[in-house]
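Before any comments, here is the structure.
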Amino acid sequence: MDSGMLGCKPSSTPMDSTLRLRNDASGYLDDPLPYRRLVGRLVYLTNTRPDIVFATQQLSQFMSKPTKAHHAAAMHVLRYLKGCPGTGLFFPRIYHTHVSSFSDADWATCVDSRRSITGYCFFIGSSLISWKTKKQTTVSRSSSEAEYRALASATCELQWIIYLLKDLHIFPSQISLLYCDNNSALHIAANPVFHERTKHLDIDCHIVREKSQEGLMKLLPVPSANQLADIFTKALPPHSFKLNLSKLQLHNIFAPPACWGLIEKPYHSGLNTT
């Protein structure tokens, strides 16, 4: 309310897919406190709104010296929220505890540092339970390297989820599946021989390969068009964003529950796991 956006025109996405935010030496806000306060609230909201995670992650990088362009991008997120205040996670009754996950990376996303963005999401059945968007700590020299670092992060998260479920005496009904849309990253995980170009990935390679061989998860390819973690690594155009959103089981609580069954079922629920 204190942002003065109650009468704004709603937006169909939280961030313009063509926008690239960067540190700018001009256009600094006279008072950065309102921007910081707004971004802090958005960060809190991401606990239940994974649809704004990427946009919020991008905005949170400029807390020290936000500019007018950053403020405009934050207002764009508010316009999106104005159009879908009732959107949230839906947890249907399930009769199995199968864990599936998607790992993705957007190579050299940051225009200031050229670091890549890691994104992943985890499901129990068709229910989204964990998600993350984070800039990688090092610069990747190839898209395969960026994807593999994301795969390693997702593997660590999967191991933690399995440990948590076991503490609750909940045991997955079958081996967990980890989908990746980069074949080179999958080949690195399956190849026991390190080449010169992949030696610097030694630690990440070891953890992914080790957990795969231990039977923690099964690595599978997925077409880029069906990569559910895409929404956590980049700003998508309206059509792709809405399609991805429905597959993440995000629904509008103000819509009749009967309509939820008309939404396309999550892609991962129909994948062949053999």
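The values are calculated or read from the model by the stated rules, or taken from the named source; none is laboratory data. Just so it is clear, the structure is predicted and the values come from calculations on it, not from any experiment. So basically every Cβ, Gly included, is an ideal-geometry build from the backbone, and we count neighbours across all protein chains shown.
Descriptive notes on the structure:
- Residue match in the stretch 68-89 (condition: over 19 Å from Ser11 (Cβ atoms) and free of Cβ contacts under 8 Å to residues at least 12 places away in the same chain): no
- When Leu165, Leu128, Leu177 are checked against the criterion of being touching a Lys or Arg at 6+ places or on another chain (Cβ under 6 Å), among the hydrophobic types (A, V, I, L, M, F, W, C) and either at pLDDT below 90 or in the same structural domain as Asp104 (by TED's automatic domain parsing) (or both), a single residue qualifies: Leu177.
- Taking the stretch 199-271 as the region of interest, the helices (runs of 4 or more DSSP H) fully inside it that hold 3 or more residues being in contact with an Asp or Glu (Cβ under 9 Å, 6 or more places away or on another chain) and modelled with pLDDT of 85 or more are 238-247.
- Hey, Arg36 without any contact (Cβ under 8 Å) to a residue 24 or more places away in the chain and not in a loop (DSSP other than H, G, I, E, B) or not: no
- Condition check for Phe62: surrounded by 17 or more Cβ atoms within 10 Å (Cβ to Cβ) and in contact with a strand residue (DSSP E or B) (Cβ under 7 Å, 6 or more places away or on another chain): no
- Hits in the stretch 48-65 (condition: among the charged types (D, E, K, R) and under 21 Å from Leu33 (Cα atoms)): Lys65
- Hey, Asp106 closer than 30 Å to Pro32 by Cα, more than 14 Å from the chain's Cα centre (by Cα) and among the charged types (D, E, K, R) or not: no
- If you go through the stretch 1-37 and pick out every residue that is under 30 Å from Ile129 (Cα atoms) and under 21 Å from the mean Cα position of the chain (by Cα), you end up with 11.
- Residue list for the stretch 139-195, filter: of a type in the set (S, T, N, Q), closer than 12 Å to Leu216 by Cα and in a loop (DSSP other than H, G, I, E, B): Gln174
- Residue that is nearest to Gln58 (Cα to Cα) [pool: residues in the stretch 1-47 that are among the acidic types (Asp, Glu) and surrounded by 14 or more Cβ atoms within 10 Å (Cβ to Cβ)]: Asp16
- Residue, surrounded by the fewest Cβ atoms within 10 Å (Cβ to Cβ), within the stretch 120-175, restricted to residues that are under 19 Å from the mean Cα position of the chain (by Cα) and acidic (Asp, Glu): Glu157
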